[in-house]
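J.: The structure follows.
The values are calculated or read from the model by the stated rules, or taken from the named source; none is laboratory data. All values reported here derive from a predicted model rather than from experimental measurement. Here Cβ is always computed from backbone atoms with ideal geometry, including for glycine, and neighbour counts include all displayed protein chains. Surface accessibility is based on the protein's heavy atoms, side chains included, excluding ligands, DNA and RNA. Shrake-Rupley method; radii C 1.70, N 1.55, O 1.52, S 1.80 Å.
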Amino acid sequence: MKLQVNGADHEVEAAPDMPLLWVLRDLMGLTGTKFGCGTAQCGACTVHIDGAPLRSCVTPVAAVAGKNITTIEGLSADGTHPVQQAWTELDVVQCGYCQSGQIMSAVALLAKVPTPTDTDIDQAMSGNICRCGTYPRIRAAVHRAATLAKG
C-alpha cells in the first residue's frame with residue numbers, strides 16, 4: 001500500500017484494516033504519535049489527514065491511502081514550527097505523553113483560525129485529554145503560537 005507521510009511516498013505492507021497508528025509507529029518507526037486509549041477519546045494519536053486532525057488509533061490505513069498524512073515529526077525537522085516553539089517557550093509539557101496530539105490539534109486549529117479566542121481553543125482542543133492538567137499552559141501556548149506565526 002502506498003502512503004504519503006510527511007511529504008514523502010512510502011510503500012508499506014499492512015492489512016487494510018490495520019490502524020494507521022500502528023502502521024506509523026511499528027512499520028514506519030514514527031513514534032511521535034502516541035497510543036493513549038485506542039478508542040479515539042483521548043487525542044494522543046492525533047495526526048493530520050489532508051490538513052485535518054484525525055485519530056489514527058481507529059483509522060484503518062486503507063482509508064488514508066493516497067491522502068497526505070502528517071505526523072508530529074512532519075511539522076518541522078528541528079522543532080521550529082510556531083506551535084512547537086510556543087510549547088517550548090511556555091514550558092507546556094509536564095509528563096509530555098499527550099503533547100504530540102495536543103500540538104497536532106493546535107496546528108489544525110491555527111490553520112483554520114489564525115487568531116483564535118479562548119472559546120475557539122477550548123472547543124478545538126476539547127478532544128485532547130491531558131492527565132497532568134496543563135490546559136491553561138496549552139491555551140496560552142496556542143495564543144503564543146498564533147503571534148509567532150504572524151511573524
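J.: Give the residues of the stretch 1-32 that are modelled with pLDDT of 95 or more, in a loop (DSSP other than H, G, I, E, B), over 16 Å from the mean Cα position of the chain (by Cα) and among the hydrophobic types (A, V, I, L, M, F, W, C), sorted by residue number.
T.: VAL12, ALA14, ALA15, MET18, MET28
J.: For ASP78, work out the one condition from (1) modelled with pLDDT under 95; (2) of a type outside the set (A, V, I, L, M, F, W, C); (3) buried (at least 20 other Cβ atoms within 10 Å of the Cβ) it doesn't fulfil.
T.: (3)
J.: Mind listing whichever residues of the stretch 100-121 are in contact with a helix residue (DSSP H, G or I) (Cβ under 7 Å, 6 or more places away or on another chain), touching a residue at least 12 places away in the same chain (Cβ under 8 Å) and either surrounded by 15 or more Cβ atoms within 10 Å (Cβ to Cβ) or closer than 18 Å to THR46 by Cβ (or both)?
T.: Within the stretch 100-121, SER100, GLN102, ILE103, MET104, SER105, ALA106, VAL107, LEU109, LEU110, PRO116, ILE121 qualify.
J.: Test ALA140 against the stated conditions and say whether it is closer than 16 Å to ALA44 by Cα and either out of contact with any Ser or Thr (no Cβ under 9 Å at 6 or more places or on another chain) or in contact (Cβ under 8 Å) with a residue 60 or more places away in the chain (or both).
T.: Against the criterion (closer than 16 Å to ALA44 by Cα and either out of contact with any Ser or Thr (no Cβ under 9 Å at 6 or more places or on another chain) or in contact (Cβ under 8 Å) with a residue 60 or more places away in the chain (or both)), ALA140 does not qualify.
J.: Report, ordered by the first and then the second residue, all pairs with beta carbons closer than 8 Å, sequence separation of six or more or different chains, a first member in the stretch 77-99 that is farther than 17 Å from CYS45 by Cβ, and a second member that is open to solvent by 100 Å² or more (accessible area, probe 1.4 Å) and part of a helix (DSSP H, G or I).
T.: Close Cβ pairs (under 8 Å, with a partner that is open to solvent by 100 Å² or more (accessible area, probe 1.4 Å) and part of a helix (DSSP H, G or I)) amount to GLY79/THR88.
J.: Just need a number here: residues in the stretch 122-137 that are closer than 14 Å to TRP87 by Cβ, without any contact (Cβ under 8 Å) to a residue 60 or more places away in the chain and not in a helix (DSSP H, G or I).
T.: The total comes to 3.
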